[in-house]
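Working notes, beginning with the structure itself.
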Amino acid sequence: MNYKQYIREQKGQNRADMTLLFSNAQAFKSLIKDMVQPFTDTKIDKVAAIDAIGFIFGTAIARELNVGLVIIRKRYKIAWPVKYTTFANYAGITKGLEIADDAIKPGEYILIVDDWSETGTQLRAAITLAEQAGGIIAGASLVHIDKQAKQNHNLSNYKLHSAFDY
């Protein structure tokens, strides 16, 4: 399916809107299946979805795989004990992510899910949190992974899947 037709873009603003994709039941269902497909024969105990649009995809993928959902939040959003890490985003601004201390049990297999990865630093931060919690990374599935993120040496040991090239 041509998912690009369902994504609006602000030229020169490095912004995309997936409202049309989410509102088209057939396109959304197809995209979820495409995001899950490389992991159907992989042991997965939980899906870890990255704040915020990743929550939409993560929820649908967790349901599709019949596994639990873990949310990876932006820093200072969880009001109980957390693990956290920082990273520099695509603009070079330091950001933080956190996960509840008890969200992942040691030895659980985790699939990381998000919408987009420009540089791979946020994706790497999410992987770090899941590993700090004792999780084993089964892979990461995103709508799109930019070339720079695919070439990020800090991600080279992980199975990364991009549903399509934008």
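The values are calculated or read from the model by the stated rules, or taken from the named source; none is laboratory data. Please read these numbers as outputs of a predicted model, since none were measured by experiment. So basically every Cβ, Gly included, is an ideal-geometry build from the backbone, and we count neighbours across all protein chains shown. Remember, those area values only see protein heavy atoms, side chains included, never the ligands or the DNA or RNA. Shrake-Rupley method; radii C 1.70, N 1.55, O 1.52, S 1.80 Å.
Assigned to a loop (DSSP other than H, G, I, E, B), open to solvent by 40 Å² or more (accessible area, probe 1.4 Å) and not hydrophobic (A, V, I, L, M, F, W, C): does that describe TYR84? Against the criterion (assigned to a loop (DSSP other than H, G, I, E, B), open to solvent by 40 Å² or more (accessible area, probe 1.4 Å) and not hydrophobic (A, V, I, L, M, F, W, C)), TYR84 does not qualify. Summed over the range 54-81, residues that are open to solvent by 60 Å² or more (accessible area, probe 1.4 Å) and either in contact (Cβ under 8 Å) with a residue 40 or more places away in the chain or β-branched (Val, Ile, Thr) (or both) total 3. Just name the residue that is surrounded by the fewest Cβ atoms within 10 Å (Cβ to Cβ) out of those in the range 16-53 that are among the charged types (D, E, K, R), at pLDDT 95 or above and over 11 Å from VAL113 (Cα atoms). Going through the qualifying residues, I end up with ASP41.
Within the range 88-108, the set of residues being in contact (Cβ under 8 Å) with a residue 60 or more places away in the chain and either open to solvent by less than 20 Å² (accessible area, probe 1.4 Å) or within 11 Å of the chain's Cα centre (by Cα) (or both) is empty.
Put simply, of LEU129, LEU142, LEU123, LEU111 the only residue that is more than 23 Å from ASP34 (Cβ to Cβ) and crowded, with 21+ Cβ neighbours inside 10 Å is LEU129.
Counting the residues of the range 136-165 that are within 16 Å of GLY54 (Cβ to Cβ) and either of a type in the set (D, E, K, R) or more than 14 Å from the chain's Cα centre (by Cα) (or both) gives 1. Give the residue that is nearest to LYS4 (Cα to Cα), with candidates limited to residues of the range 119-145 that are part of a loop (DSSP other than H, G, I, E, B) and in contact (Cβ under 8 Å) with a residue 40 or more places away in the chain. The qualifying residue nearest to LYS4 (Cα to Cα) is GLY135. For the range 146-166, filtering for residues that are at pLDDT below 95 and either part of a strand (DSSP E or B) or in contact with a Cys (Cβ under 6 Å, 6 or more places away or on another chain) (or both) leaves 0.
Does LYS43 fit the bill of being basic (Lys, Arg) and outside any helix (DSSP H, G or I)?
yes
Here GLU118 meets the list (1) among the charged types (D, E, K, R); (2) open to solvent by 60 Å² or more (accessible area, probe 1.4 Å); (3) modelled with pLDDT under 95 almost entirely, failing just condition (2).
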